[in-house]
Amino acid sequence: MTEKILILGGARSGKSGFALSLASKLARRGNAREEKGLYIATAKAYDKEMSTRIRLHKAQRGDSWKTVEETMDLAKVLNSISPRCPVIVIDCLTLWLVNIMLDEGKDFHKTWVRPFLSALEDVRCPVVMVSNEVGMGIVPDTSLGRDFRDQAGLLHQELARVCDQVILVVAGLPLYLKQEGL
């Protein structure tokens, strides 16, 4: 199975837990040849609070996942995936977007987003991607905040076009926005 699934939600909506549960089911359904799925973590620990969040996420997924921490070059990681990998979870694309926008300025789409989308097409196992829906709140009061919100929305639209499923998680409950071929 090569399905691509985008899971969106707000902060503490339950999207990461839902993604892990869904990915585990996909791995079992695909008769996984490797015991562990691949979890790609994009967060940077900029401060103590973020370090705590990262520790909580690690504890949540336990030892049943192989974790790769990659804050920028998702294409490189996807291009190096073992053909026996049963499932991939990428958490979180909005944190990844922050990383590349702050590092690259305006050229980030050509340098990081296009290669990621291209590599995503070539992956031969299910990929479950987690991202924050940030466009439903107040308008940010800074130019960088507004640009981030806009770029996140554009990234989500691009991903929604190529994904088989798009799921919005609210209060731990999934709302299926798109289901193709299932």
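Brief remarks follow.
- Across the chain, the mean sequence separation of Cα contacts (distance under 8 Å, 6 or more residues apart), normalised by length, yields a relative contact order of 37 percent.
- Karplus-derived HN-Hα couplings along the stretch 65-72 (A = 6.51, B = -1.76, C = 1.60, θ = phi - 60°), whole Hz, x at Gly and Pro: 10, 7, 9, 10, 9, 9, 8, 9
- For the stretch 1-98: rounded, prolate or oblate by the Cα gyration tensor [a/c cutoff 1.5]: prolate
- Label selected from (1) 9, 34, 35, 18, 3, 0, 0; (2) 7, 23, 22, 20, 17, 8, 1; (3) 9, 39, 40, 11, 1, the criterion being P(r) over Cα pairs in 10 Å bins from 0, in percent as computed here: (3)
- Average Cα contact separation per residue, the stretch 102-182, under 8 Å, 6 or more apart, as relative contact order %: 16
- For G37, the residues whose modelled amide H falls within less than 5 Å of its own, excluding neighbours fewer than 5 places apart on the same chain, are K66.
- R0 of 25 Å, Cβ-Cβ distance E70-M136: FRET efficiency to nearest 0.05: 0.35
- Ranking of C85, C125 by neighbouring Cβ atoms within 10 Å, starting from the fewest: C85, C125.
- Using the Cβ-Cβ distance between Q60 and L154 with R0 set to 45 Å, the FRET efficiency works out to roughly 0.95.
- In order through the stretch 136-141: 3J(HN,Hα) via Karplus (6.51 cos²θ - 1.76 cosθ + 1.60), integer Hz, x for Gly, Pro: 9, x, 6, 6, x, 8
- Exposed-site-free run, longest, the chain (rule: trypsin sites (Lys or Arg not before Pro); DSSP loop; at most 14 other C-beta within 10 Å): 125-182
- Qualifying lysines (Cα of each under 25 Å from Cα of K66; at least 8 residues distant if same chain): K4, K15, K25, K36, K44, K48, K58, K76
Read-outs: derived from the displayed coordinates by stated rules, not from any lab. Note that the coordinates shown come from a computational prediction; the quantities given were computed from them, not determined experimentally. With ideal geometry, Cβ positions are generated from the backbone for all residues, glycine too; neighbour counts draw on all protein chains shown.
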